[in-house]
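The next block holds one structure in the form of structure tokens; read it before the comments.
What follows is calculated from the coordinates using simple rules that are stated; it is not laboratory data. Values in this document were obtained by computation on a predicted structure and should not be read as measured data. Note: ideal-geometry Cβ built from the backbone for every residue, glycine included; neighbour counts use all protein chains shown.
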Amino acid sequence: MSKKKAFKLPHTFIILTIFISVISILSYIIPAGTYERIIGEDGRAIVDPNTFQYIKNTPVSLMQFLTAIPQGYVEAGFIIALTLCVGAGVAVVQRIGVIPAAVEYLATNFKDKGIFVIPILMLIFSLSDAFIGVCELCIIYIPIIMPLMLRLGFDSITACAVALCGSAAGFSAALTNPFTLAIGQKISGLPLYSGWEFRVITYIITLSIGILYVMNYAKKIQNNPELSTVYEEDKEKRIKLLGNSEEVKTIKLNKREKIAGIYSIIMLVIMLGGVLIYKWDMPQMCAMFLLIGVGAGVIAGLNGNELCETLLQGCQDMLMGAVIIGIARGISVVMSAGNMTDTVVNFFAQMLQNIPPSLTAIGMLIVVSLMNFLIPSGSGKAVVLFPILSPLADVVGITRQTAILAYQFGDGFSNIMYPTSGYFMACISNAGVSWQKWIRFFTPLFIIWTTVAAGYLVIAQFINYGPF
């Protein structure tokens with residue numbers, strides 16, 4: 001008798017294309033609507049909450065549907081460029097032996113206590129996003145820490161979790177995140193970065209929960225690697241990144257390679273400083289990673305052909321993630337073409353007005369979590385939602401600071417769950433982890449985090465978390 005074929009979830013490309021198709025069809029059902037925009041002090045277009053009106057339907061045409069993905073590549077150009085530049089730069093540093101040598105050093109020194117690398121790294125990554133809010137840096141972190149995680153006996157999901165969950169904890173319980181907190185407080189008329197004391201408490205609790213969850217998973221995989229859903233994929237990855245894992249080789253760098261390693265670290269620090277101090281964005285980060293790759297290769301003695309081949313190989317390794325970013329962006333393209341975004345925002349605003357005031361803050365958390373599927377950008381959602389959420393908070397009797405807190409957690413946790421989040425999909429794809437396998441790992445933590453966040457909001461409402 002022939003065996004029944006086991007059900008296999010479709011490829012990520014298929015899942016994203018289905019989402020684009022469904023939303024395109026919905027454009028024939030959901031009425032088109034729009035809010036008027038006004039230009040704020042910082043030059044951003046902000047929604048006027050009292051100007052919503054329905055307009056003539058603009059259903060997505062066949063040609064708009066077919067061009068949604070190419071247009072997505074155009075709109076997500078810099079994220080794609082950053083993905084490829086990171087791959088190119090890291091590939092050179094990997095080839096000259098700097099990353100393998102660092103991995104060997106850390107693996108040797110943490111041989112019996114490798115599990116403690118996880119909280120250290122998650123703390124570093126979370127602090128970065130708590131202050132500067134550039135969660136796209138996870139595209140950089142994962143390929144760097146991947147060899148170390150595998151060498152310590154963990155798996156690819158652990159490597160992704162250390163970066164993504166650490167980042168999400170910091171981004172959600174932000175202390176000075178300019179893309180969510182600062183924009184929200186400016187639009188809401190609150191003192192910049194006010195209410196930080198309560199957010200520090202939520203940050204510590206949120207990060208601690210994330211660390212314990214990831215450590216528990218990592219320990220389970222370390223004890224029994226075959227429990228990993230990416231066990232087979234990681235076999236090949238270990239050979240590629242570490243060679244024969246059963247033979248521990250001593251890696252010695254020559255003088256030029258050591259200088260190249262120091263140069264790479266200095267350039268990385270300069271890049272992070274530029275992001276923090278000078279507000280560098282993706283173009284500048286792309287340039288710095290090209291400088292890291294080219295400079296390190298020249299210092300280490302690679303000739304022109306070797307350097308170019310290595311840069312190209314690094315881009316090829318990241319190609320899957322780059323392709324996914326463009327497809328994921330196609331979803332927001334068809335949403336804009338169908339003029340559905342403002343209609344959905346207005347629907348949720350009306351819904352929030354009709355729920356009991358005691359549940360409004362939790363309702364905001366849920367609404368923002370749902371809206372994050374359609375508008376993955378934290379700053380993009382902020383200029384659309386805060387002109388609506390802030391006066392709504394006044395009407396139902398909760399503080400505007402509480403509304404901002406609800407927004408932060410609704411936006412942050414789901415950033416690393418929805419396939420419409422380009423940087424997130426690039427991260428797991430480049431790590432060789434399918435979206436389905438990541439969801440299986442992350443869903444329990446998402447539920448825990450969201451439940452705890454609802455508790456924060458209840459407390460915030462009880463203490464009249466302000467200033468108002």
Compute the distribution of all C-alpha to C-alpha distances in the chain, in bins of 20 Å from 0, and list the percent of pairs in each, rounded to whole numbers. 23, 55, 21, 1
Rg(Cα)/(2.2 N^0.38 Å) for the range 159-203, N = residue count: 1.28
I need two numbers for the range 379-468: Rg to one decimal and Dmax as a whole number, Cα atoms only, in Å. 15.9, 48
Any idea what % of Cα-Cα pairs in the range 153-279 are farther than 26 Å? 50 percent
Compute the orientation-averaged projected area for the range 110-182 from the convex hull of its Cα atoms and round it to one decimal in nm². 4.3 nm²
Compute the normalised compactness of the range 22-75: alpha-carbon radius of gyration over 2.2 N^0.38 Å, N being the residue count. 1.45
Of 220/258; 235/381; 219/279; 111/235, which pairs sit farther than 32 Å apart, going by alpha carbon to alpha carbon? 220/258; 235/381; 219/279
Helix 138-151 versus the longest principal axis of the chain: what angle, 0 to 90°, nearest 10, using Cα atoms? 40 degrees
With everything on Cα atoms, drop me the angle between helix 255-277 and the longest principal axis of the chain, reported from 0 to 90° to the nearest 10. 10 degrees
So, with +1 on the Cβ of K and R and -1 on the Cβ of D and E, and no other charges, what is the size of the charge dipole of the chain about its Cα centre, to the nearest 20 debye? 840 debye
Considering the zone a paramagnetic label at residue 463 would reach in this model (a point 7 Å from Cα along the Cα-to-Cβ line), which residues of the range 401-426 have amide N under 15 Å from it? 401-403, 405-406
Going by alpha carbons, how many degrees (0 to 90, nearest 10) lie between the helix axis of 231-242 and the longest principal axis of the chain? 50 degrees
Could you tell me which residue out of 401, 368, 321 lies farthest along the dipole of the chain toward its positive end? Charges go on the beta carbon: Lys and Arg +1, Asp and Glu -1, centred on the Cα centre. 321
Roughly speaking, what is the centre-to-centre gap between the range 391-468 and the range 152-228 when only Cα atoms are used, to the nearest Å? 10 Å
Given the Cα atoms of the range 26-161, and with Rh set as the inverse mean 1/r over their pairs in the Kirkwood sense, what is Rg to Rh to two decimals? 1.17
Mean residue ellipticity (222 nm) of the chain, computed from DSSP H runs ≥ 4 via -39,500 (n - 2.57), nearest 500: -23000 deg cm²/dmol
DSSP loop (so not H, G, I, E, B), at most 11 other Cβ within 10 Å: list which trypsin sites (Lys or Arg not before Pro) in the range 35-91 pass both filters. 56
Quick one: the Cα spread of the range 311-468 along its three principal axes, in angstroms, biggest first? 56, 35, 24
What do you get when you divide the Cα radius of gyration of the range 228-381 by 2.2 N^0.38 Å, with N the number of residues? 1.58
